[in-house]
Amino acid sequence: MTEWCGWPVVSEQTSWEDAQQILTDAELSDGLPLVPPTGRRLDAMVAGIKDRSEARGLMPPMFGEVSPDAVAYQCVLAGCRPAELPVVLAAAEATLEPGFNLLGIATTTGTACVALCLHGPIARKLGVNAGTNCLGPGNRANASIGRALQLVIRNIGGARSDVGDMATMGQPGKYSFCFAERHDGPFPTLTARRGLGSDASALTIMGVSGTAEILPGDGEGATPEAILSPIAAGMRAAIVMSGISRKNERGEQVVLLPLEMAEKIVRHDAWDLARVQRHLFDEGQGVARAPEAIHVIVTGGAGYKMSYLPIWGGGSETVTRPL
């Protein structure tokens, strides 16, 4: 059997069952079936990629070497298409930013995981879901890209259960957590806020403790206050539950608004993004370091249900990079 970055390459003749056992024995499995990494699939994944063996950094917690070849192997396992490799590679590199604190996220006994949000034309080109069930199943690109990044953290970074990953409970987001920001919302996109342009191809990684569903205070969100006040309450509660209340500093907050809710807000005079952030900051009694550190992202399908993504209480900064 040949190898790729020290991992097994299975032949085209290897049965599915045997391939799964080989990968499990090599400690590469996240528990779900993996696409057999044949030479043909690996070569197709890296076709056209330059400097394939060049190290892009060392990934904690076990400090494995991140390279295009190593990331490509995980992309094959996860069922990615070749066009998705640059996204996963860029996301893997972004997790190495010191402020992101991947070492803490990967090794905590808490439920932290890495969430990936794609922005702009690249999300639409790859078919990453920003509509109905954007955080759930049913879309290959979301599932495969998100899973590939988690496999990178597991198999390159070494965040395996009882070795690097010491989570008491864990969470399903450790299998896959990838979605896209809508480009048709009424607020400036996150890329615009970060100086990359209103419809720039980019990615954002977030170290989050999970997701929480939030409903408007009056059931349908007749006013901006009715929409936003339950979010502020959820943020305050998360600070208490995560233990951040014992710390003097506050970091960032992330909330996902469906298009309907965002449009309801801006129908009211003077309610723009800045006012939304200020309202959440004030009513939340300082839930973030500043109003602009509350990141409102428009995504998802029809309906009133919002999602709050609490940033991991151990400390992590979101990272946005152009693609």
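If I ask for residues that are within 21 Å of residue 108 (Cβ to Cβ) and either in a loop (DSSP other than H, G, I, E, B) or in the same structural domain as residue 98 (by TED's automatic domain parsing) (or both), which ones from the stretch 290-317 would you list? Result: 310, 312, 313, 314, 315, 316, 317.
Scanning the stretch 15-43 for residues that are in contact (Cβ under 8 Å) with a residue 24 or more places away in the chain and either more than 21 Å from residue 150 (Cα to Cα) or in contact with a His (Cβ under 9 Å, 6 or more places away or on another chain) (or both) yields 39, 40. The strands (runs of 3 or more DSSP E) falling completely within the stretch 1-83 that include 1 or more residues that are among the β-branched types (Val, Ile, Thr) and within 20 Å of the chain's Cα centre (by Cα) map to 64-66.
Of the residues in the stretch 264-272, at least one is touching a Leu at 6+ places or on another chain (Cβ under 9 Å), in contact (Cβ under 8 Å) with a residue 40 or more places away in the chain, surrounded by 19 or more Cβ atoms within 10 Å (Cβ to Cβ) and not assigned by TED's automatic domain parsing to the domain that holds residue 101. Residues that are among the hydrophobic types (A, V, I, L, M, F, W, C) and surrounded by fewer than 20 Cβ atoms within 10 Å (Cβ to Cβ) occur in the stretch 75-83; there is at least one. Listed by first and then second residue, the pairs with beta-carbon distance under 7 Å, at least 6 apart or on different chains, first residue in the stretch 121-148 and part of a loop (DSSP other than H, G, I, E, B), second surrounded by fewer than 21 Cβ atoms within 10 Å (Cβ to Cβ) and among the acidic types (Asp, Glu), form an empty list.
Cβ-Cβ contacts under 9 Å between residues 6 or more apart (or on different chains), taken from a first residue in the stretch 62-86 that is outside the structural domain of residue 33 (by TED's automatic domain parsing) to a second residue that is aliphatic (A, V, I, L, M), are absent.
From the set of residues in the stretch 84-114 that are in contact with a Phe, Trp or Tyr (Cβ under 9 Å, 6 or more places away or on another chain) and buried (at least 24 other Cβ atoms within 10 Å of the Cβ), which is nearest to residue 182 (Cα to Cα)? Step by step, filter the stretch 84-114, then rank; the result is 114.
Residue 159: aliphatic (A, V, I, L, M) and either within 26 Å of residue 274 (Cβ to Cβ) or not assigned by TED's automatic domain parsing to the domain that holds residue 70 (or both), yes or no?
Numbers: aliphatic (A, V, I, L, M): yes; either within 26 Å of residue 274 (Cβ to Cβ) or not assigned by TED's automatic domain parsing to the domain that holds residue 70 (or both): no.
It is false that residue 159 is aliphatic (A, V, I, L, M) and either within 26 Å of residue 274 (Cβ to Cβ) or not assigned by TED's automatic domain parsing to the domain that holds residue 70 (or both).
Residues that are closer than 20 Å to residue 273 by Cα and either among the polar types (S, T, N, Q) or in contact with a His (Cβ under 8 Å, 6 or more places away or on another chain) (or both) within the stretch 209-242 comprise 223, 224, 225, 228, 229, 232, listed in sequence order. Among the residues of the stretch 90-117, those identified as assigned to a strand (DSSP E or B) and either closer than 15 Å to residue 151 by Cβ or not aliphatic (A, V, I, L, M) (or both) are 113, 114, 116, 117.
For the stretch 135-186, the candidate set comprises residues that are hydroxyl-bearing (Ser, Thr, Tyr) and under 27 Å from residue 67 (Cβ atoms); within that set, the residue that is surrounded by the most Cβ atoms within 10 Å (Cβ to Cβ) is 176.
The values are calculated or read from the model by the stated rules, or taken from the named source; none is laboratory data. Keep in mind it's a predicted model, so treat the numbers as computed, not measured. Virtual Cβ from ideal backbone geometry, glycine too; neighbours counted across all protein chains shown.
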